[in-house]
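Step one of this worksheet: look at the structure below.
The values are calculated or read from the model by the stated rules, or taken from the named source; none is laboratory data. Computed from a predicted structure; not experimentally measured. Cβ: placed from backbone, ideal geometry, glycine included. Neighbour counts: every protein chain shown. These accessible areas exclude ligands, DNA and RNA; they are computed on the full protein's heavy atoms, side chains included. Shrake-Rupley method; radii C 1.70, N 1.55, O 1.52, S 1.80 Å.
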Amino acid sequence: MRLFANASYNFLGQRRWAYGISVAFSVIGFAVLLIRGVNYSVEFTGGTLIQVETQRPADVGALRNALQARGIEGAEIQTFGSDREIVVRARVAREGSDANDTQATGEAVAQALDATLGAGSYKMLRTEAVGPKVGGELRQQAVFAVLMSFLAVLAYLAYRFEWRFGVAAVVATAHDIVAALAFIGLARLEVSLFVVAGLLTIVGYSLNDTIVIFDRIRENLHRLKRESFESILNRSINETLPRTFFTGTTALGSLLALSILGGDVVRPFALLMLFGVLVGTFSSIFIASPVLLAIEKRWPGPDA
């Protein structure tokens, strides 16, 4: 099956519309993020980690509802090792209670376990406090991880391509990170280490998509010396369109399944990656190549 076998769309002709959509979405998303604030998970804000061993598999949904009824909102519940061992990361949100009070959180979790599993049907293996200072350090390390991955990408692109291609790819990737942060604000996603992993994965996916197109552009620059630079860009995007389409739809299919069938802990990652695949494909076509064209017009390369 061959789709887009004779595609000849004028993608670069729509670049101004693409710029407008990107700017509008990013401005709205960041405005919402500033107004509402960032919804950090327990890993970043501090709280209590409790590891529990149960006599039978626990109903995670019922346990989460029981925790909410006892003043614990947004608890992270994961199986640990087997389906009879779970880890709960939580903070008490009752009025007049210290959110980082480990004892109060442990008592609320015990009450929720009594209500869902029955008293005496579980054993608390460990209870650990994660203070706000540790959460702040984790936030700094998460930002550092994103920046370091970005620098590593810059070094790779400088080696792999000439500087014009590298700058265009970096601009497109930066666009994707900004758009992803705006999406986090609009979707009110809880920022956990899963979401940080999602941001790093978006960087990798977007760059991979962009580099495939850039490879074809570089080949066509040597092969089609009489065509204009803009024509070569459009031709290269159209020639790689089948690969872009099939890669994107395959990724979207699995991520859609994760979004629907995954648990509350995995769902923010899956939703962010769903958006990331869409915006990464969009930026590879409508941001990276137009930026490369703008750079070429300002600083013509050896193939001009």
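Remarks
- Helix-only [θ]222 nm of the chain, DSSP H runs n ≥ 4, -39500 (n - 2.57) each, per residue, nearest 500: -21500 deg cm²/dmol
- In the context of the full set of protein chains, the chain has a per residue accessible area of 50 Å² (1.4 Å probe).
- Stretched out straight at 0.36 nm per residue, the stretch from SER228 to ALA155 would grow longer than its current Cα-Cα span by 23.4 nm.
- Taking the Cα centre of the chain as origin and assigning +1 to Lys and Arg Cβ atoms and -1 to Asp and Glu Cβ atoms, the resulting dipole is close to 1020 debye.
- Label sites at ARG16 and PHE245, each approximated as a point 7 angstrom past Cα along Cα to Cβ, lie 2.8 nm apart.
- For a label point 7 Å along the Cα-to-beta-carbon line of SER121, residues of region 49-79 with backbone N under 13 Å: 54-60, 62-63
- Cβ-Cβ distance of ASN208 and LYS297, R₀ of 41 Å, FRET efficiency by 1/(1 + (r/R0)^6): the value works out to about 0.95.
- Springs between Cα atoms under 10 Å define the GNM used for the chain, and in it the highest mean-square fluctuation of ARG91, ARG139, ARG223 occurs at ARG223.
- Percent of C-alpha pairs per 5 Å bin, region 148-239, short to long: 2, 12, 21, 19, 15, 12, 9, 5, 3, 1, 0
- Region 1-75 and region 167-241: distance between their alpha carbon centers, rounded to Å: 20 Å
- Taken along the Cα-to-beta-carbon direction at a fixed 7 Å, the label points for LEU278 and TRP163 span 3.7 nm.
- Overall Cα dimensions of the chain - principal axes, largest extent first, Å: 80, 42, 32
- The chain, accessible surface, carbon-and-sulfur percent (1.4 angstrom probe): 61 percent
- For region 209-304, with +1 on Lys and Arg beta carbons and -1 on Asp and Glu, the positive-most of LEU252, PRO300, ALA288 along the dipole: PRO300
- For LYS225, solvent-accessible area (1.4 Å; no DNA, RNA or ligand), Å²: 140 Å²
- Lys/Arg +1, Asp/Glu -1 at C-beta; region 106-188 dipole; positive extreme among ALA110, LEU125, HIS175: HIS175
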